[in-house]
Amino acid sequence: MSRFYDLASLTKPLVTAPLALAFLDLDADRRWALGFHDREVPLTVRQLLSHGSGLPPWRPFTGEALAAQLRRPVPGHPLLRHATPGLATYSDLNYRLLAELLESETSLPFEKLGAALGLSPAPWLSAPAEVPDGPDALAWTLAAESPVPARAGSLPHDCNARAGMRGHAGFGASAPQLRAVLARWVGSGWPDRMATATVEGENGTRWGLGLQVAFAGGGRFGQLLSEIPPGFGLHVLEDPGLEAPVGAPVLDEDPGPPSGWWFHLGYTGPALFYRPSDRSCIAMLMHRKGPDGALLDAEALRARRWALLAPSVGQSLE
């Protein structure tokens, strides 16, 4: 039986962004519809897709309107900070608002819209391997009066997703299921539309409409991806995660040139890479859990992804 994976933020490029591109006007001003009556500049779907809205990275999902929630001060924490002025700031909140707009526009529940694309919305019948809580659980305790949402094997690992926040997470898949979804995703042209119109972001990142540029500097995934020959096709890689990951190369300070690939990462481990020039696509499925059961930190997770991707360079996969 195939393992089942919590796709976490891969929900954004595989579900939310395609639905937004299909059903929403990219440039209409949505300030009033979303309750941002005090905002001085427009708020558009294009900004939300590219993380250029100026929203902070994260807030706990308590069911309160986001515009009202953002008016209150919060304690210091990396997830609770303000966006960097003038630069795209990756934020789960952008995709929460997109889900609200999609439900309003279509009069359908977001989970039903996503399930129609082929992925499994939570609660799941097949539970993924449990991953320990991450920094979002601490941020929740700092910024919300309500307790951290209870865990369950059938619910996402992400606190906001299991609390009911739509748009940014909450879907899962097995490897065969994901392969079928990706074939339709690529064939429908969604990633080609998403890998365009780059916006400058924090820490040298560049965002399109749901995917970000993979640079080819030392230690970056684009360094490996740029060596993959044309016509590579579609591949889903699974990592059993049974051994401690070997360290990945040190990241160069210079991100290097664009590799021709675009990507998105999921908090629980999965990753997605796409090359518009030949429509090659690589997805990684893994659980962000080390041999001792602890949550892998960001560097250990990068090492695990690097180790899974490296054998793909210069050779085809069965």
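Throughout, read-outs are computed from the coordinates displayed, never taken from laboratory work. Not measured: the values here are computed from a predicted model. Methodologically, a virtual Cβ is constructed for each residue, glycine included, from the backbone with ideal geometry; neighbour enumeration extends over all protein chains shown.
Work out, step by step, the length gained on full extension between residue 26 and residue 71: first 0.36 nm times the residue separation, then minus their alpha carbon distance; give nm to one decimal. Please report the intermediate quantities before stating the final value.
On the way: separation 45, 0.36 × 45 = 16.20 nm, distance 2.58 nm.
Here the answer is 13.6 nm.
Just going by the charge dipole of the range 178-318, with Lys and Arg at +1 and Asp and Glu at -1 on Cβ, which of 296, 181, 228 is farthest out on the positive end?
181
So what is the relative contact order of the chain, in percent, for Cα pairs below 8 Å that sit 6 or more residues apart? Walk me through the numbers before you get to the answer.
Details: 609 pairs, mean separation 65.9, N = 318.
Worked out over the chain, it gives 21 percent.
Semi-axes of the equivalent ellipsoid for the range 4-171, please: Cα gyration tensor eigenvalues, times 5, square-rooted, ordered largest first, whole Å.
24, 21, 13
Place a +1 charge on the Cβ of each Lys and Arg in the range 73-152 and a -1 charge on the Cβ of each Asp and Glu, then give the dipole magnitude about the Cα centre in debye, rounded to the nearest 20.
Working: 4 positive and 9 negative charges, 23 e Å.
Charge dipole of the range 73-152: 100 debye, to the nearest 20.
Taking neighbour counts of Cβ atoms within 10 Å as a proxy for exposure, in what order, fewest first, do 7, 178 appear?
Fewest to most other Cβ atoms nearby, the residues stand as 178, 7.
Normalised by the number of residues in the range 4-171, what is the relative contact order in percent for Cα pairs under 8 Å and 6+ residues apart?
Details: 250 pairs, mean separation 55.0, N = 168.
Across the range 4-171, relative contact order equals 33 percent.
Arranged by the count of other C-beta atoms within 10 angstrom, fewest first, what order do 142, 34 take?
Details: 142 13, 34 18.
Fewest-to-most ranking of 142, 34: 142, 34.
Listed highest first by mean packing, meaning other Cβ atoms within 10 Å per residue, what order do 124-133, 284-293, 167-176 come in?
Details: 124-133: 15.9, 284-293: 18.2, 167-176: 23.9.
Highest mean packing first, the order is 167-176, 284-293, 124-133.
Connecting C-alpha atoms closer than 10 Å in a GNM of the chain, tell me which of 100, 227, 253 has the biggest fluctuation.
253
Counting only residues 5 or more places away or on other chains, whose amide H sits under 5 Å from the amide H of residue 199 once H atoms are built in the peptide plane?
Answer set, sorted by chain and number: 207, 208.
Tell me which of 118, 256, 2 sits at the most positive position along the dipole axis of the chain, charges placed on C-beta atoms (Lys, Arg +1; Asp, Glu -1).
With unit charges placed on the Cβ atoms, the residue in question is 118.
What's the extension gain from residue 277 to residue 84 if we count 0.36 nm per residue and subtract their Cα-Cα distance?
Values: separation 193, 0.36 × 193 = 69.48 nm, distance 3.17 nm.
Going from the current span to full extension adds 66.3 nm.
Please report the equivalent ellipsoid semi-axes of the range 102-221, computed as sqrt(5 x eigenvalue) of the Cα gyration tensor, largest first, in whole Å. Walk me through the numbers before you get to the answer.
Values: eigenvalues 140, 97, 54 Å².
Ellipsoid half-lengths, sorted descending, are 26, 22, 16 Å.
Looking at (i) 0.94; (ii) 1.06; (iii) 1.03, which value of Rg/Rh (Cα atoms, Kirkwood Rh) comes from a calculation on the structure shown?
Checking each listed value against the structure points to (i).
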